[in-house]
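In what follows, a single structure is set out as structure tokens and then discussed.
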Amino acid sequence: MACQMRTMFFLILAYLLLTANPEWSNVVLGAAVAVLVMALIPRTADVRECQGFLKVVPAALQYGVILGVDLVKSGIQVARIVLHPKLPIRPGIVAVPAGCRSDLGRALSAHAMTLTPGQLVVGIDESGMLYTHCLDTTDAYASMTRAQETRAELLQRIFLSPQ
């Protein structure tokens, strides 16, 4: 129980730091968001939960930073493509293995890919293959596979269960 309270405290603190709004109504909203996040995290034995807490926070922060960097890099790449006079695109569909066994892991990975400018997940099959439309398929498979492997590993650490 102490570990859950500590997790709630850190989630509320992170919410308040991200919103930069210390008003009471925002604190209450942050608490509601923290409760929702806690409801989504799979429950395990309290001892394992406390031991895993130290692994979850850095993995979640790393996931957020990697997603942010990918968004910026992809945004710049798409801007270059769009602003180029000849519009040098090679659009197509690329099949990338999700690397996640759970539906939650696949959904979060697909969401991260879809957020990235120039990419859109158009389908996921039963085996976990993510079919992604890309503006430029020249080097897409290799880079998307590396990024997906990193996301899958981080999501496994965040949710403390096999993805």
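The values are calculated or read from the model by the stated rules, or taken from the named source; none is laboratory data. Computed from a prediction, not measured in an experiment: that's the story for all the values here. So basically every Cβ, Gly included, is an ideal-geometry build from the backbone, and we count neighbours across all protein chains shown.
Residues that are over 20 Å from the mean Cα position of the chain (by Cα) and either surrounded by 15 or more Cβ atoms within 10 Å (Cβ to Cβ) or assigned to a helix (DSSP H, G or I) (or both) within region 14-29 comprise L16, W24, S25, N26, V27, V28, L29, listed in sequence order. When restricted to residues that are assigned to a helix (DSSP H, G or I) and in contact (Cβ under 8 Å) with a residue 12 or more places away in the chain, region 87-134 contains 9.
Give me a count of the residues in region 75-121 that are among the polar types (S, T, N, Q) and closer than 12 Å to H133 by Cα. Write out each step before concluding.
Of the residues in region 75-121, the ones among the polar types (S, T, N, Q) are 77, 102, 109, 114, 116, 119.
Now narrow it down to the ones that are closer than 12 Å to H133 by Cα: 114, 116, 119.
The qualifying residues number 3.
Residue by residue through region 65-78, note down the ones that are under 13 Å from the mean Cα position of the chain (by Cα) and either surrounded by 13 or more Cβ atoms within 10 Å (Cβ to Cβ) or touching a residue at least 40 places away in the same chain (Cβ under 8 Å) (or both). Steps first, please.
Quick first cut of region 65-78, residues under 13 Å from the mean Cα position of the chain (by Cα) only: 65-71.
Passing the criteria: I66, L67, D70, L71.
Within region 135-149, being part of a helix (DSSP H, G or I) and either closer than 11 Å to A59 by Cβ or modelled with pLDDT under 85 (or both) holds for one residue alone: A140. The single condition among (1) of a type in the set (A, V, I, L, M, F, W, C); (2) under 18 Å from D70 (Cα atoms); (3) at pLDDT below 90 that L104 does not satisfy is (2).
Out of all the residues in region 89-97, is one or more surrounded by fewer than 17 Cβ atoms within 10 Å (Cβ to Cβ) and touching an Asp or Glu at 6+ places or on another chain (Cβ under 7 Å)? So far as region 89-97 goes, yes, one or more of its residues are surrounded by fewer than 17 Cβ atoms within 10 Å (Cβ to Cβ) and touching an Asp or Glu at 6+ places or on another chain (Cβ under 7 Å).
When the residues of region 53-64 are filtered to those that are free of Cβ contacts under 8 Å to residues at least 40 places away in the same chain and within 13 Å of the chain's Cα centre (by Cα), the one that is nearest to L130 (Cα to Cα) is G64.
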